Amino acid sequence: MAYRVQNARWICLCLVFASTLHGGAKAAVTDPATGPFISDSKITDNTLELKCIAQNLSDPTANITWLQGGIDGTELNYAITSVGDAAAGTLKLTATTSLNVSGTGAVAKGTNYTCKVERSAGTLWQAVVTGDPTTRLLQLAPAREKLYYGDTVVLACPNYGTNSDPDTLPADPLPVPSPLVEWMFNYTDAWTGFLPAGATVDNGILTITNLGDIHDGEYTCQATNVYYTNYAFKVVQVEMAPSTVAPTTTPNEGNLSNTGAVVGGVIGGLIGAILLGVLAYFGYQHYTKSH
């Protein structure tokens, strides 16, 4: 089965210097600045190349190796290159190895390959395993749960490791080969890859611009490698954005304001009438005395 391989990078949330147990197996020990970072690429239809990079090393004695069967497994032959100056903290080690994933000489499904970086500050390592693509569907944008008219929605359906957010990382080891990722709108029986206007796919990432009624429905991610095909689903439902108009005056508030104005007017009129009456009275008295 033909497939497209995507480079993958796995980054741990924080620096860890001790192995932990996850599901009965040791979890990887990685450094977000150093790695090791594993990627895979296709050499032939049946052969896969694994590359492991450890960078920003300040230790000239650092060593990188490939192991089969886990962190305590058998060391494999590899090609290694180094770049930079360890004293300046820029040393980068790269190790590569190849394996047949199908055809003559194919390795068994479920074979573990571990990249180990030994240094004076502690041992770092990461692992992959030949097997089915494991998909999970992520909404990368917008960050909020609800979707509104006019939004640009970004969906990812990564094989483990193709997204750099540590919160999305699975238990080790990570499955290889990295899969071909395709998308379809309202998938039923036959896979056609149909998507509505405004929806595009780039390197396995689905982007929907100017979200509208035509985009309401279910989006299916299909992830395929030489072993299997897995699916993940996302329902998109568009709604109106909350109103941002300033609140209007309520009837009660308006009645109170009008009542206050009426009362004030009446009182003012009475005071004015009294003053005019007083002025008229004194004016009449003055006139009477003068005659």
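The values are calculated or read from the model by the stated rules, or taken from the named source; none is laboratory data. As the structure is a prediction and not an experimental result, all values here were calculated from the model. All Cβ positions, glycine included, derive from the backbone under ideal geometry; neighbour counts span all protein chains shown. Heads up: the accessible areas ignore ligands, DNA and RNA and are worked out on the full protein's heavy atoms, side chains in. Shrake-Rupley method; radii C 1.70, N 1.55, O 1.52, S 1.80 Å.
Once you order the gyration tensor axes a ≥ b ≥ c over the Cα atoms, which shape class does the range 66-166 get: rounded for a/c under 1.5, otherwise prolate or oblate by comparing a/b with b/c? Oblate is the answer for the range 66-166, as a/c is 1.5 or above yet b/c matches or exceeds a/b. Residue-wise HN-Hα couplings along the range 222-227, as the Karplus relation 6.51 cos²θ - 1.76 cosθ + 1.60 with θ = phi - 60° gives them from phi, are 10, 10, 10, 10, 5, 9 Hz; Gly and Pro carry x.
Taking Cβ atoms as reference points and 13 Å as the exclusive limit, the residues near Asp59 contribute a net charge of -1, counting Lys and Arg as +1 and Asp and Glu as -1.
Straight Cα distances below 17 angstrom link Lys92 to the aspartates and glutamates Asp31, Asp59, Glu118, with same-chain residues fewer than 8 positions distant left out. From the Cα gyration tensor of the range 40-120, with a ≥ b ≥ c the square roots of its eigenvalues, which class applies: rounded if a/c is under 1.5, or else prolate if a/b is larger than b/c, or else oblate? Prolate shape, in that a/c is at least 1.5 and a/b is the bigger ratio.
Of Ile71, Ile205, Ile214, Ile80, the residue with the largest accessible area leads and the full order is Ile214, Ile80, Ile205, Ile71 (1.4 Å probe). Sorted largest first by accessible area at a 1.4 angstrom probe radius, with every protein chain in place, the residues Phe185, Phe233 fall in the order Phe233, Phe185. For the range 23-95, the solvent-accessible area works out to 47 Å² per residue, with a probe of 1.4 Å and every protein chain left in place. Computed on protein heavy atoms with a 1.4 Å probe, the accessible areas place Val201, Val128 in the order Val201, Val128, largest first.
Using a probe of 1.4 Å, the accessible surface attributed to Leu67 totals some 10 Å² when neighbouring protein chains are kept in position.
In sequence order, the range 33-48 has phi-based couplings of 9, 10, x, x, 10, 9, 9, 10, 8, 7, 9, 10, 4, 10, 10, 10 Hz under the Karplus curve 6.51 cos²θ - 1.76 cosθ + 1.60, θ = phi - 60°, and Gly or Pro positions carry x.
Suppose R0 equals 25 Å; then what is the FRET efficiency for Thr188 and Asn46 from their Cβ-Cβ distance, rounded to the nearest 0.05? Computed FRET efficiency for Thr188 and Asn46: 0.15. Placing R0 at 35 angstrom, the Cβ-Cβ distance between Ala141 and Lys92 gives a FRET efficiency of 0.65 after rounding to 0.05.
The apolar share of the surface of the range 62-130, taken as the fraction of accessible area on carbon and sulfur atoms (1.4 Å probe, ligands and nucleic acids excluded), comes to 46 percent. Measure out, as a whole number of angstrom, how far apart the alpha-carbon centroids of the range 106-152 and the range 200-239 sit. After rounding, the separation between the Cα centres reads 19 Å.
Between rounded, prolate and oblate, where does the range 78-121 land on the alpha carbon gyration tensor, with a ≥ b ≥ c its root eigenvalues, rounded for a/c under 1.5, else prolate if a/b exceeds b/c? In terms of gyration-tensor shape, prolate.
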